[in-house]
């Protein structure tokens, strides 16, 4: 079943890269008491993700924070090493938390997986964005497969 507005995020463990190496991020702790702009995409270093999706959130990070967002998080079904390297390559690490869902745990629990096996990608995340307030989804924008129209930073800015 796909997550919807009003639902509480399920517990899962994501990973992030720190100066000391990969570190776990418990969903319940990360989102507790905060307003978070979360966006997810099929994969780090992929064309639309690298050319449009992540850069849009980097460019608009200040505006999102001015509108009350405490954290901005990028999630992908990649490991913490890849997410960390991609964040550095995109000059995103000081503005965006790069979260890896390498085991597809969170993505499966919210019902937003994508079968990318036809392209050699395996199970991935659909492209989406959401606003999460204290662990509860308050806005949700899920893209149609292959599209990049509603999960961008500009859409979330309008929803704040």
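In the range 13-159 the Cα-Cα distances spread across 10 Å bins starting at 0 as 12, 47, 37, 4, 0 percent of all pairs. Looking at the chain alone, DSSP beta bridges between its own residues are antiparallel in about 70 percent of cases. With the simple model of a label 7 Å out from the Cα in the direction of the Cβ, residue 70 to residue 134 spans 1.0 nm. Select from 41, 121, 112 the residue whose mean-square fluctuation is largest in a Gaussian network model of the chain (Cα-Cα springs shorter than 10 Å). Taking springs between Cα atoms under 10 Å, the residue moving most is 121.
Contact order for the range 13-159, expressed relative to its length and based on alpha carbon pairs under 8 Å spaced 6+ residues apart, stands at 29 percent. Which one, 90, 126, 66, has the greatest fluctuation when you compute a Gaussian network model over the chain with C-alpha springs under 10 angstrom? Maximum fluctuation in the GNM of the chain, among the listed residues, is at 66. Cβ crowding within 10 Å ranks 108, 118 as 118, 108, fewest other Cβ atoms first. A viscosity of 1.567 mPa s and a temperature of 4 °C, combined with the Kirkwood radius over C-alpha pairs in the Stokes-Einstein formula, give the range 82-159 a diffusion coefficient of 92 µm²/s.
Bear in mind these aren't lab numbers, they're just calculated from the coordinates by the rules spelled out. Since the model is a prediction, treat every value here as computed from it, not as a measurement. Don't worry about glycine lacking a Cβ; one is built from the backbone with ideal geometry, like all the others, and counts go over all protein chains shown.
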